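Just below is one structure, and these are the notes that go with it.
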Amino acid sequence: MDYHMLIVGGGIVGLATALALTERYPHLRVLLCEKEDRWAAHQTGRNSGVIHAGIYYRPGSLKATMARAGSRSMVAFCQAHGIAHDLCGKLIVATTPAELPRLHALLERAQANGLPARLVDPAEIREREPYVQAVAAIFSPTTGIVDYRLVAERMAQLLAERGVELRLQTRVEQISEHARGVRVETNAGAFEADHLINCAGLHSDRVARMAGLHTGMRIIPFRGEYYELVPERRHLVRGLIYPVPNPAFPFLGVHFTRMIDGSVHAGPNAVLALKREGYHKLAFNLRDSAEVLSYPAFWHLARKYLGEGSKEMLRSASKTLFVRSMQRLIPSIRAQDVVPTHAGVRAQALMADGQLQDDFVIIHSTRSTHVCNAPSPAATAALEIGAAIVERLPPLGQGLETRK
């Protein structure tokens, strides 16, 4: 059977894109292929569950605009479908006077992004988070929490109701474009489609290369490891507590997140993963490792962040050092208060010149569309990313709603 659209990837971005297609073009024949035996198996199902407001991102960037809009559309989706969520707000705290200039600069960015963030003093910090040590903080009232796996499962249910063909355990192995469309070879057979949409996350660069697209970037997997507070110490954290980001490192640092199930996680660090889906410290894949270590841009990146990167690796190896990072925010945390929990892998695109891609990247060609960089806050922004993809479909999309 031929299809109008074939989507690769059953994470939240792929599912949200299929939803957007069915809403705008309800008569399309759509096929969604996911290589795992369940939806949201990787980045979506292993993130911290935060609905991001969009504070950190460059004003005018896709991350900034889509996170802000996405925080609203994701909450609306959860409300419409009875999915538990909580707009609990977030504190971004300065623990020393030296961090105040960075905190004020972040507040200016939040305001430039049109967010209702505000500065709070130590008294209000203690009221909101009694165990936090800080000299000042930003409070973001539009930040929240949700279980994105439940969101993804509901999206899949809606897609099935709308007639989308959903195929699990279907791994894309080869793509070839031709005059009439795209032929996709999988382990479950071959499929023809007018257009392909690549939402493959950790493998998005490989899928793009299969389609003959040279993006000028490669996915570098960074593993983020977490600890969980033991139940009797969960009272130390009421909501979301983040440090002021370190400008010398492109990640947010160890923070505390109260999950929607009431558990409290601390993390993540950020260390190179030697397997794209490597959730354990010793996970290794020869192809994945070779692609990273043979990429000259990676070594440029490694030299640039040698100091901070080394600290992240030491923190991965030492619970004592990881706990010390937590104690910067909550001094009363002890090593016996936390136990290891899940890890996630962030799919971060690295440009050929050694620069990390700091925004979402969506590339359109004649017969295919590729989401080439969609790390955090992509889960928050998933509905907006899907809508943007459908809005910008090439001329092939014109009239598809009437084709049967």
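Can you confirm whether region 134-149 contains a residue that is surrounded by fewer than 18 Cβ atoms within 10 Å (Cβ to Cβ), without any contact (Cβ under 8 Å) to a residue 60 or more places away in the chain and assigned to a helix (DSSP H, G or I)?
Taking every residue of region 134-149 in turn, none turns out to be surrounded by fewer than 18 Cβ atoms within 10 Å (Cβ to Cβ), without any contact (Cβ under 8 Å) to a residue 60 or more places away in the chain and assigned to a helix (DSSP H, G or I).
Answer yes or no as to whether Thr65 is surrounded by 22 or more Cβ atoms within 10 Å (Cβ to Cβ) and part of a helix (DSSP H, G or I).
No.
For region 262-272, name all the residues that are assigned to a loop (DSSP other than H, G, I, E, B) and on the phi > 0 side of the Ramachandran plot.
Gly262
What residue, among those in region 161-180 that are in a strand (DSSP E or B) and of a type in the set (D, E, K, R), is farthest from Arg38 (Cα to Cα)?
Top of the filtered list is Glu177.
Of the residues that sit in region 47-56 and are buried (at least 22 other Cβ atoms within 10 Å of the Cβ) and not small (Gly, Ala, Ser), which one is farthest from the chain's Cα centre (by Cα)?
Out of the qualifying residues, it is Ile55.
Just checking, which of Arg234, Arg180, Arg209, Arg171 is modelled with pLDDT under 95 and surrounded by fewer than 22 Cβ atoms within 10 Å (Cβ to Cβ)?
Arg180
State the number of residues belonging to region 283-312 that are in contact with a helix residue (DSSP H, G or I) (Cβ under 7 Å, 6 or more places away or on another chain) and of a type in the set (Gly, Ala, Ser).
2
Residues checked against (1) in a loop (DSSP other than H, G, I, E, B); (2) of a type in the set (Phe, Trp, Tyr); (3) touching a Gly at 6+ places or on another chain (Cβ under 7 Å):
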{"position": "Ser204", "(1), (2), (3)": "no, no, no"}
{"position": "Arg209", "(1), (2), (3)": "no, no, no"}
{"position": "His214", "(1), (2), (3)": "yes, no, no"}
{"position": "Arg223", "(1), (2), (3)": "no, no, yes"}
{"position": "Tyr226", "(1), (2), (3)": "no, yes, yes"}
{"position": "Pro250", "(1), (2), (3)": "yes, no, no"}
{"position": "Ile260", "(1), (2), (3)": "yes, no, yes"}
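Kindly indicate whether any position in region 22-45 is free of Cβ contacts under 8 Å to residues at least 24 places away in the same chain and in a loop (DSSP other than H, G, I, E, B).
There is no residue in region 22-45 that is free of Cβ contacts under 8 Å to residues at least 24 places away in the same chain and in a loop (DSSP other than H, G, I, E, B).
Would you kindly identify the helices (runs of 4 or more DSSP H) lying entirely within region 273-317 that contain at least 2 residues that are of a type in the set (Gly, Ala, Ser) and more than 25 Å from Asn246 (Cβ to Cβ)?
286-293
Restricting attention to region 145-160, does a residue exist that is within 26 Å of the chain's Cα centre (by Cα), modelled with pLDDT of 95 or more and of a type in the set (Asp, Glu)?
yes
The values are calculated or read from the model by the stated rules, or taken from the named source; none is laboratory data. Note that the coordinates shown come from a computational prediction; the quantities given were computed from them, not determined experimentally. Every residue, glycine among them, receives a Cβ derived from its backbone with ideal geometry; neighbour counts consider all protein chains shown.
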